[in-house]
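Here is the structure we will look at, set down as structure tokens.
We did not get these values from a lab; they are worked out from the coordinates using the rules stated. Note that the structure is predicted; figures quoted are calculated from it, not measured. Cβ placement follows ideal geometry from the backbone for every residue including glycine, while neighbour counts extend to all protein chains displayed.
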Amino acid sequence: MAELLLTYAYILLYIALSSGQIFFNKWVLSSKFMNFPYPVALTLLHMVFSTVLCFFVVKVLKVVKLDQKITFDIYATSIFPIGAMFATTLWLGNTAYLYISVAFAQMLKAVMPVAVFLIGVAVGLESLNLKMLLIMSVISLGVLVASYGEIGFDWVGVVYQLGGVIGEASRLICIEILLKQKGVKLNPLTMMYYISPCSALCLFVPWVFLEKPKMDLIQEWPSNPWILSLNALCTFALNISVVLVIAHTSAVTIRVAGVVKDWVVVLVSAFLFSDSKLTPINIVGYGIAIAGVAAYNKLKLAKPGGEAEKALPNHLVNMSTLMQQVGFIPNAKAKCEGCTQTAIYH
């Protein structure tokens, strides 16, 4: 009983941190709240913070062992491109919050399986079949209906959000091609250990040219550095919660938790933010999309080895993530070998 309660506690912690991080980012970026309209700078801070803390946890505390050697060739041809796509995904996703509501952004993220499937077909990892096309059509229809019912529709925000979705889908496909086929197995923490420095470097360049000049014009720094540090710390805590959930549950459980988290974000954001105005059409459309995503997850898990090979801690964001291999989690190898990592605060 104690172990069961601990498992539920980890799941609730994951849902709370994942949902809370999305709200926190919106609060920091919004002009109505903290008014820090620099999504690249915010994401860069997250990646720098993650780099430092991952180094401390892996190298100093030695919580996770780096059993597999990452050669320069693998780092340059696999890790770095994945880090660059991860940086792009987070940059575009956070920028979308400047233009559209949290609820609508979350609804648009439901199209993630469609993007992953289409890119997978293009590169030969997925095959076209009638059942999958039907599921993709249901998801797309749901997102279109939800978009039609959106009061605060903004094309700029939609383009940014869909760009983030495409970037995340491309990242997942690259993980499948560049890492899995090379036999590289990394758990969520060690994956962030390698990817965070790459993402930080890739974000530093656009920050210097796009946001730093604007920030230099501000005579008085408008933001509380302690709040920004807390925001970055929460992103790292989210990754730790993912490790805990993966180690104590199955792929099916983590998928269900992801669906619950997405509904929590959509419904709660309507009460927290004035720009999140839900309409009946929004709810119906998102419900249709989620039904399609559930069917997609069920179909993937029903395949031989599906639960072990295609797990999804945060499939709509995250997702934060359909195809990333984790490898071996201490005391949970039998359940979670091959589970995937959630993208932070997605």
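Quick notes on this structure:
- You can think of it this way: the chain between Leu118 and Lys212 has 30.2 nm of extra reach, that is 0.36 nm per residue less the Cα-Cα gap.
- Region 53-113 shape via C-alpha gyration tensor axes, a/c threshold 1.5: prolate
- Total charge dipole magnitude, region 1-126, about the Cα centre, Cβ charges on Lys, Arg, Asp, Glu only, Debye to nearest 20: 300
- GluC sites (Glu not before Pro) within region 138-238: DSSP coil, no more than 12 neighbouring Cβ in 10 Å: Glu220
- In sequence order, calculated HN-Hα J values of region 63-80 (Karplus, 6.51, -1.76, 1.60; Hz; x Gly/Pro): 5, 10, 8, 8, 5, 9, 7, 9, 6, 4, 5, 5, 5, 6, 9, 10, 4, 5
- With Cα atoms as the point set, the radius of gyration and Dmax of region 88-140 evaluate to 13.6, 38 Å.
- Stretching the chain fully between Ala16 and Phe271 yields a gain of 90.2 nm (0.36 nm per residue, less the alpha carbon separation).
- Net lengthening on full extension, Leu66/Leu233 (0.36 nm per residue, minus Cα-Cα): 57.8 nm
- For Leu125 and Asp73, a Förster radius of 25 Å and the Cβ-Cβ distance give a FRET efficiency of 0.65, rounded to the nearest 0.05.
- Among 28-37, 70-79, the peptide with the highest mean count of other Cβ atoms within 10 Å heads the list, and the full ranking is 28-37, 70-79.
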